[in-house]
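> Would you mind keeping the following structure in view while I ask a few things?
Bear in mind that the values in this text are calculations on the coordinates, not laboratory data. In this text, all values refer to a predicted model and were calculated from it rather than measured experimentally. With ideal geometry, Cβ positions are generated from the backbone for all residues, glycine too; neighbour counts draw on all protein chains shown.
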Amino acid sequence: MTTTRDDAVLGYDEALAQFDPVMGLEVHVELGTATKMFCGCATTFGAEPNTQVCPVCLGLPGALPVVNAKGVESAIRIGLALNCQIADWCRFARKNYFYPDMPKNFQTSQYDEPIAFDGYLDVEIPAESGEGTETYRVEIERAHMEEDTGKSLHVGGSTGRIQGAEFSLVDYNRAGIPLIEIVTKPLVGAGHRAPEVAKAYVSALRDLLRALDVSDVKMEQGSMRCDVNLSLRPKAGEDPTSDAQLAVPMGTRTETKNVNSLRSVEGAVRFEVCRHAAVLTSGGSILQETRHWHEDTGITTSGREKSDAEDYRYFPEPDLVPVAPDAAWVEELRATLPEPPAQRRKRLQGEWGYSDLEMRDVLNAGAVELIEETVAAGATPQAARKWWLGEPARRANTQATDLVTYADQVGLTPSQVAELESMVVAGRLNDKMARQVLEGVLDGEGGPTQVADARGLELVQDDSALEGAVEKVIADNPDIAEKIRGGKVQAAGALIGQVMKEMKGQADAGKAREMILAKLGAA
Amino acid sequence: MSDITRLSAADLASSLASGELTSLEVTQAHLDRTEAVDGAVHAYLHVAGESALSAAREIDGRRAKGESLHRLAGVPIAVKDVMTTTGMPTTCGSKMLQGWVPPYDATVVSRLKAAGLPILGKTNMDEFAMGSSTEHSAYGNTANPWDLDRIPGGSGGGSSAVVASFQAPLATGTDTGGSIRQPAAVTGSVGVKPTYGGVSRYGLVALASSLDQAGPCARTVMDTALLHEVMAGHDPMDSTSIDAPVPDVVAAAERADVAGMRIGVVRELTGEGFQPGVQTRFDEAVQHLVDAGAEVVEVSCPSFEYALAAYYLILPSEASSNLARFDAMRYGLRVGPDGVAAPSAEQVMAASRDAGFGDEVKRRIILGTYALSSGYYDAYYGSAQKVRRLIADDFAAAFGQADVLVSPTAPTTAFRFGEKTDDPMAMYRGDIATIPANLAGIPGMSLPSGLADEDGLPAGFQILAPAMADDRLYTVGAALEQRLLEKWGGPLLDRAPDLTTARQTEGA
Ligand SMILES: [Zn+2]
């Protein structure tokens, strides 16, 4: 990548001292349907290029689309979960523009008649006081159905982009995969917390979609993609939600594409705030354009200029009949919705017995689902929290990714964490050994039992070895032994350490302590 | 053997069933006829002799084994080049698709094959079905068998000419604004545009999706009905296909009884602007129906005044989007821009579209792109959709007074090549009587009403029926045909010139 940081930026606090940010988030979600939106082709990720294609999704002359009913069902469920109204009649529309990875040179989408509209999602961010959380209501403008495009691979050239490439390869396996685009209304009133709100929204949306079981929502595989719109307007006081502030007209916005991790969502908002502020304070004006986010450098660069002249010539798709979900069906689907996330969090916190602080850490780490599944697999809530927020969270953080994505990448599953914990409970591993086993799992050495076996990590269960070590240590330390005999049990600690050393760590310290005290008549 | 090609599809079917003829004989006879006359007519873009003969042999074999076959099994057919066919090119009369062999059959083609009709070849057409004369084909004109200096109608001039010149008893067509009915009218043959959704559009290279409808072309009303029956029916691959039983068009053609039926003459589609000889034959035909016991009423459809304008907004709009896929990226013509060493994908797209599309196609793409542009959409596409509703309302009111509506199919008989190519509006006006049916999605038939006195060329009689009442077309059409045949003393096409002596070749 040869992206250069040629844009001036202002410090974040300095920017926020003068400006009020307004955001808009567009999230594309690939549905997990078995077949594409308008044909019967499979949707398996990672198949050989151009093996999941047919006349319809290749846009061959004469081919016609047929709507995937499962896709419509998922769209309605998503709309309902986002507290939207569901259209009783709506149509698909053609969005016309030329691009090699779009077989028909129009995308079958929805325009002024989305399947779902006017909803909201409440998201929680840590309270500024440091205690508890604050709720921010993200208003949803619409959720509509459309099809994905193919994927271009630009070969040669330095940027991986089409400019300067020697040639391009196109894979149409993705063409026609059902997408739901969820568009927020302008998010106002978040003030300096805008980046956090953006991240919390995408995270909450991801949790919701996962709970709905409509998508695998893997941002790194592109099954969930986010575009961030941002503009700044002059600040009208300290309260970003004041009437005076809300009355200030919005500034020119930029649309940042390719924002494909939770961290990036936060980073892209923050960077664009700083960049806009630098332009505006130096007397310049913001160019309405598409910008590209670079995950590696944490900056955006200018893409194509997005003028008002860009005209998609939308019109109702004449090859498809209108979608008219009947009210009874919509109510049936409403009954299939999972518990609303906020309510669910409250319930889980009660069930798990977490303090507000513990729950907050879990939420911040995005570990609710992981812990829930780990508890379901047999671990205690405290143990589940301890393991997930330990090494895995630390590594996810260093790799600038989120816990769910990280766990998915390294293949750490909730059932493995439960397995690890059960080995501790059963006395096969002590805490220190369990940490080593977990590291082994994260390093890709296999499941917990496999790692423990391979690394030879196991508490010695044969008491004779431990007994021998205890006797040796007592014999080696007659004065400490005497103190213990005299009732000074705290002194046992010194002997336990030596016993563990004798045992090369492979002993249960509790058991060693019991044995020492018993032998010295102090138990 | 040459009289085999004079037989109707129904008669051929009987002879095949009785064993008097084999499909191989019938198919070979038609291929021989093509060999003899198509140099002059140029109705075919591709003749599939070998595959037609092998399909014929297979049917003969199955018949010999006593298998029960479709009534039309073994009767050969020509297919308009707008329908995808495996094993044969599908060009839509465009350089853009020169040599393109589709990997799949259109549903209509699958149905023909399943019924055992050998496919003789692909017929010429105006490029991407845009035109009323077949002069817009990138592969040269098709001549009208009645006068080789005249147009055979369009866009399906190849299909009308192929049946009118006895090269095939049957052909398929598609009708977006009259492309089946107007060619039938000017060649003295019969053509039907079924109810929108009656025949699957899957595999029909789309011109205007909301207007396109495939239908049958033949020389008699009964043959048209027999082919209609094979082509029609619900197709899950086409969302706009009607999921309901196909009206019994064959029984309707057999009935041929109009006693007590109300025939509505559309005031706006007669009189001024219609060639006198066309009008005279029309008036006589109406009188025949009265003689046969029908009642005639005059109906008015005031919104038809705006039909042409609405049509020429909706069609180019949809076409501009439908034809966007021809971009040289996956199939079809690919040329690089002149003098550019390493062209971008966009440059290749632009150069290929410039080289691959003809003038009429470009004209309509530009019109449609403009009509859909933001700021113009409401005034153009939006208004056109409103007109469409008004026209449907006019039809609904008219069908309250009459069981079928009638008019001349086209205002004139066949014009000469080149007569209207420089005046697109004059060409468009020729579609005035056929377009309303497409805008409203209702079925229509054209059958010959006789020869116009002033030029001795065929005139067409159009019958329109409410949506899903395609059978009425056949009842009325068959009744009229019976009376006209009596009057003429035989088929009108018997009076067409004997083409085997024609020396003219295409393009000369
Ligand atoms: Zn497909």
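> What would the Debye formula give as log10 I(q)/I(0) at q = 0.05, 0.06, 0.08 Å⁻¹ for the alpha-carbon point model of the protein assembly as shown, no solvent?
So the normalised log intensities work out to -0.45, -0.59, -0.88.
> Additional query: Roughly what % of Cα-Cα distances in the stretch B:246-299 sit above 18 Å, to the whole percent? Show your work: numbers first, answer last.
On the way: 648 of 1431 pairs.
The answer is 45 percent, as a whole percent.
> Using Cα pairs under 8 angstrom and six or more residues apart, how large is the relative contact order of the stretch A:365-417, in percent?
Computed over the stretch A:365-417, the figure is 47 percent.
> With just the Cα atoms defining each centre, how far is the stretch B:331-368 from the stretch A:16-68? Give it in Å.
27
> Can I ask one more? Any chance you could run the full-extension gain for A:Glu128 through A:Arg455? It's 0.36 nm times the residue separation minus the Cα-Cα distance, nm to one decimal.
The A:Glu128-A:Arg455 span can extend by a further 113.2 nm.
> Suppose we flag trypsin sites (Lys or Arg not before Pro) only when DSSP calls them loop and at most 15 other Cβ atoms lie within 10 Å. Which is the longest uninterrupted stretch of chain A? Write down the numbers at each step before the final one.
Numbers: sites that count: A:Arg5, A:Arg161, A:Lys306, A:Lys488, A:Lys504.
It works out to A:307-487.
> If you take the charge dipole of the stretch B:43-126 about its Cα centre, with +1 on Lys and Arg Cβ and -1 on Asp and Glu Cβ, which of B:Val101, B:Ser54, B:Thr90 is farthest toward its positive end?
It is B:Ser54, whose Cα lies furthest towards the positive end.
> Rg to Rh for the stretch A:12-331: what is it, with Cα atoms only and Rh by Kirkwood?
Numbers: Rg = 20.2 Å, Rh = 20.8 Å.
Taking Rg over the Kirkwood Rh, I get 0.97.
> What is the fewest-to-most order of A:Thr149, A:Thr43, B:Thr86 by other Cβ atoms lying within 10 Å of their Cβ? Write down the numbers at each step before the final one.
Values: A:Thr149 19, A:Thr43 22, B:Thr86 14.
Ranked by crowding around the Cβ, least crowded first: B:Thr86, A:Thr149, A:Thr43.
> In addition: For a protection proxy built on the mean count of beta-carbon atoms within 10 angstrom, sort B:385-394, B:480-489 highest first, please. Walk me through the numbers on the way to the answer.
Details: B:385-394: 18.5, B:480-489: 15.7.
With the highest mean Cβ count within 10 Å placed first, the list reads B:385-394, B:480-489.
> Could you size up the charge dipole of chain A around its Cα centre, putting +1 on the beta carbon of Lys and Arg and -1 on that of Asp and Glu, and report it in debye to the nearest 20?
Numbers: 54 positive and 80 negative charges, 123 e Å.
With only Lys, Arg, Asp and Glu charged at Cβ, the dipole is about 580 debye.
> Given the DSSP H assignment, sum -39500 (n - 2.57) over each helix run of at least 4 residues in chain B and divide by its residue total; what's the result at 222 nm in deg cm²/dmol, nearest 500? It would help to have the intermediate numbers written out before the result.
Values: 16 runs with 194 residues, N = 508.
Computed mean residue ellipticity for chain B: -12000 deg cm²/dmol.
> Among B:155-167, B:130-142, how do they line up by average Cβ neighbours within 10 Å per residue, starting with the highest? Walk me through the numbers on the way to the answer.
Details: B:155-167: 33.8, B:130-142: 26.5.
In descending order of packing, they fall as B:155-167, B:130-142.
> Ignore the peptide's own chain and count Cβ atoms of other chains within 10 Å of each Cβ in A:101-108; give me the average, rounded.
Working: counts 2, 4, 4, 5, 9, 5, 0, 0.
That works out to 4 on average.
> Kindly write out, for the stretch A:117-133 in residue order, the coupling ³J(HN,Hα) from the Karplus curve 6.51 cos²θ - 1.76 cosθ + 1.60 (θ = phi - 60°), rounded to whole Hz, with x marking Gly and Pro.
With coefficients 6.51, -1.76 and 1.60, one gets 7, 6, x, 7, 9, 7, 10, 10, 10, x, 5, 5, 5, x, 10, x, 10 Hz.
> In the neighborhood of A:Tyr172, defined by Cβ-to-Cβ distances under 13 Å, what is the net charge if each Lys or Arg adds +1 and each Asp or Glu adds -1? Mind dumping the intermediate values first?
On the way: positive: A:Lys36, A:Lys104, A:Lys151, A:Arg174, B:Arg325, B:Arg330; negative: A:Glu48, A:Asp101, A:Glu147, A:Asp148, A:Asp171.
Here the charged neighbours net out to +1.
> Continuing with this model, one more query. Enter the mean projected area of the convex hull around the alpha-carbon atoms of the stretch A:463-519, in nm², rounded to one decimal.
Details: hull surface 12.8 nm².
Computing the convex hull of the Cα atoms and averaging its projections yields 3.2 nm².
> With 10 angstrom as the radius, rank B:His228, A:His292 by how many other C-beta atoms surround their C-beta, starting from the fewest.
Least crowded to most crowded, the residues run A:His292, B:His228.
> Quick check: convex hull of the Cα atoms in chain B, volume per residue, rounded to a whole Å³? Mind showing how you got there, number by number?
Working: hull volume 72.9 nm³, N = 508.
Residue-normalised Cα hull volume stands at 143 Å³.
> Relative contact order (percent) for the stretch B:1-151, with alpha-carbon contacts under 8 angstrom and 6 or more residues of separation? The partial results should precede the final answer.
Values: 272 pairs, mean separation 38.6, N = 151.
Reported relative contact order: 26 percent.
> Also, quick follow-up: Expected output is a single nm value to one decimal: the length gained when fully extending between B:Glu67 and B:Thr500, i.e. 0.36 nm times separation in residues minus the C-alpha distance. What is it? Show your work: numbers first, answer last.
Details: separation 433, 0.36 × 433 = 155.88 nm, distance 3.78 nm.
Difference between extended and current length: 152.1 nm.
> Using only the alpha-carbon atoms of the stretch B:280-352, report the extent along each of the three principal axes, biggest first, to the nearest angstrom.
For the stretch B:280-352, the Cα extents along the three principal axes come out at 73, 24, 21 Å.
> Then there is this: Do any trypsin sites (Lys or Arg not before Pro) in the stretch B:29-85 lie in a loop, going by DSSP, with at most 12 other beta-carbon atoms within 10 Å of their beta carbon, and if so which? Don't skip to the end; give the middle numbers.
Values: sites: B:Arg33, B:Arg57, B:Arg62, B:Arg63, B:Lys65, B:Arg71, B:Lys80; in loops: B:Lys65, B:Arg71.
When the trypsin sites (Lys or Arg not before Pro) of the stretch B:29-85 are filtered for loop state and at most 12 Cβ neighbours within 10 Å, B:Lys65 remain.
> List the pairs from B:Lys65/B:Lys113; A:Lys218/A:Lys432; A:Lys257/A:Lys346; A:Lys70/B:Lys80; B:Lys80/B:Lys362 whose alpha-carbon separation is above 25 Å, in the order I gave them. List each step's numbers first, then the result.
Values: B:Lys65/B:Lys113 19 Å; A:Lys218/A:Lys432 33 Å; A:Lys257/A:Lys346 34 Å; A:Lys70/B:Lys80 36 Å; B:Lys80/B:Lys362 22 Å.
With Cα atoms farther than 25 Å apart: A:Lys218/A:Lys432; A:Lys257/A:Lys346; A:Lys70/B:Lys80.
> Once the dipole of the protein assembly as shown is set up with Lys and Arg at +1 and Asp and Glu at -1 on Cβ about the Cα centre, which of A:Met224, B:Leu308, A:Ala328 lies farthest towards its positive end?
Result: A:Met224.
> Sticking with this structure for a sec: Given a cut-off of 29 Å, name the pairs among A:Lys185/B:Lys386; A:Lys151/A:Lys386; A:Lys185/A:Lys235 whose C-alpha atoms lie farther apart than that in the structure shown. Don't skip to the end; give the middle numbers.
Values: A:Lys185/B:Lys386 32 Å; A:Lys151/A:Lys386 41 Å; A:Lys185/A:Lys235 20 Å.
Over 29 Å apart, Cα to Cα: A:Lys185/B:Lys386; A:Lys151/A:Lys386.
> Here is a follow-up. Please state the shape class of the stretch A:341-455: rounded when a/c is under 1.5, otherwise prolate if a/b exceeds b/c and oblate if not, all from the C-alpha gyration tensor.
On the way: a/c = 2.14, a/b = 1.41, b/c = 1.52.
Verdict is oblate for the stretch A:341-455.
> Taking beta carbons within 10 Å but only from partner chains, what does the mean come to for residues A:62-75? Don't skip to the answer; put the middle values down first.
Details: counts 16, 10, 14, 3, 7, 1, 0, 0, 0, 0, 0, 0, 0, 0.
What the average comes to for A:62-75 is 4.
> Determine the dipole magnitude for chain B: charges of +1 sit on the beta-carbon of Lys and Arg, -1 on that of Asp and Glu, nothing else is charged, the reference point is the Cα centre, and the result goes in debye to the nearest 20.
Values: 39 positive and 61 negative charges, 187 e Å.
That gives a dipole near 900 debye.
> How many Cβ atoms of partner chains, on average, are near each residue of B:238-245 if near means within 10 Å of its Cβ? It would help to have the intermediate numbers written out before the result.
Working: counts 4, 10, 5, 3, 0, 0, 0, 0.
Partner-chain Cβ atoms within 10 Å, mean over residues of B:238-245: 3.
> Separate question: Which FRET efficiency, nearest 0.05, do B:Leu485 and B:Glu58 yield, Cβ-Cβ r, R0 60 Å? All intermediate terms of the calculation are to be shown ahead of the outcome.
Details: r = 35 Å, r/R0 = 0.58.
Here the calculated transfer efficiency is 0.95.
> Antiparallel versus total DSSP beta bridges in the protein assembly as shown: what percent is that, nearest 5? Mind showing how you got there, number by number?
Details: 86 of 103 bridges.
Among the beta bridges of the protein assembly as shown, antiparallel pairing accounts for roughly 85 percent.
> What is the order of B:Leu207, B:Leu439, A:Leu287, fewest Cβ neighbours within 10 Å to most?
Working: B:Leu207 26, B:Leu439 29, A:Leu287 13.
Starting with the residue having the fewest Cβ neighbours, the order is A:Leu287, B:Leu207, B:Leu439.
> Here's something else I'd like to know. Using Cα pairs under 8 angstrom and six or more residues apart, how large is the relative contact order of the stretch B:407-462, in percent? It would help to have the intermediate numbers written out before the result.
On the way: 63 pairs, mean separation 25.0, N = 56.
Once normalised by length, the contact order is 45 percent.
> Further question on the same structure: Would you mind counting up the charge near A:Val22? Only other residues with Cβ under 9 Å from its Cβ, with Lys and Arg at +1 and Asp and Glu at -1. Intermediate values should be presented prior to the final figure.
Values: positive: A:Arg233, A:Arg253; negative: A:Asp20.
Residues close to A:Val22 contribute a combined charge of +1.
> Work out, in µm²/s and without decimals, the Stokes-Einstein translational diffusion coefficient of the stretch A:195-273 at 10 °C, 1.306 mPa s, Rh from Kirkwood over C-alpha pairs.
Numbers: Rh = 14.0 Å.
Once the numbers are plugged in, D ends up at 113 µm²/s.
> Another question about this same structure. Which GluC sites (Glu not before Pro) in the stretch B:16-117 pass both tests, a DSSP loop state and at most 16 other beta-carbon atoms within 10 Å? It would help to have the intermediate numbers written out before the result.
Values: sites: B:Glu20, B:Glu25, B:Glu35, B:Glu50, B:Glu58, B:Glu67; in loops: B:Glu20, B:Glu67.
Answer in residue order: B:Glu20, B:Glu67.
> Over the alpha-carbon set of the stretch B:377-508, divide Rg by the Kirkwood Rh and report the Rg/Rh ratio to two decimals. Spell out each step's value before the answer.
Working: Rg = 18.3 Å, Rh = 17.5 Å.
Over the Cα atoms of the stretch B:377-508, Rg/Rh equals 1.05.
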